[in-house]
């Protein structure tokens, strides 16, 4: 699940896909209706990849919460975010049983479920855990001699002429 370019913009409903950065802000495309909007630098914008949910022990990244919903729903749509608070909280407890009941409000649960349904409608949810590639692994044909770093050659300073 790629949430690096998905934005939530304060005061605007739905989610947006980051298109282009400009000097004065950026251009984003709505995931619900496809309209493009310009957003200034003063707007309160959150990347979904940077959002976390409070649990009793730590903070869970939103991508993991979304993955839990995708697993429960077999990548199908979740319940409506317009359900009553008791139903939403019971559903969310199935998704993230250890969520902090004092710091996660019903409005937060509504947002998460609404966002999941928007992403699911666009085919952007996945129940698979992403595989991280290691950039530091060496090719098997690379020898130790080839990986040593040479020190830069420095010129010796000459004594000034008298």
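The modelled label-to-label distance between residue 29 and residue 86, using points 7 Å beyond Cα along the C-beta direction, is 4.3 nm.
Sorting 60, 36 from the fewest to the most surrounding beta carbons within 10 angstrom yields 36, 60. Between residue 36 and residue 111, the FRET efficiency estimated from the beta carbon spacing at R0 = 30 angstrom works out to 0.85. Each 10 Å bin from zero up to the one holding the largest Cα-Cα distance in segment 51-128 carries the following percent of pairs: 20, 57, 22, 0. Available extension along the chain between residue 75 and residue 102 is 6.8 nm, counting 0.36 nm per residue and deducting the alpha carbon span.
Taking the Cα centre of each part, how many Å lie between segment 64-126 and segment 23-43? So the two Cα centres are separated by 25 Å. Counting 0.36 nm for each residue step from residue 94 to residue 4 and taking away their Cα separation leaves a gain of 29.8 nm. The base-10 log of I(q)/I(0) for segment 1-66, evaluated at q = 0.13 Å⁻¹, reads -0.39 [Debye formula, identical scatterers on Cα atoms, solvent excluded].
Readers should treat all values here as calculations from the given coordinates under stated rules, not as data from a laboratory. These numbers come from a predicted model, not from an experiment. For neighbour counting, all protein chains shown are included, and Cβ atoms are generated from backbone atoms with ideal geometry for every residue, glycine included.
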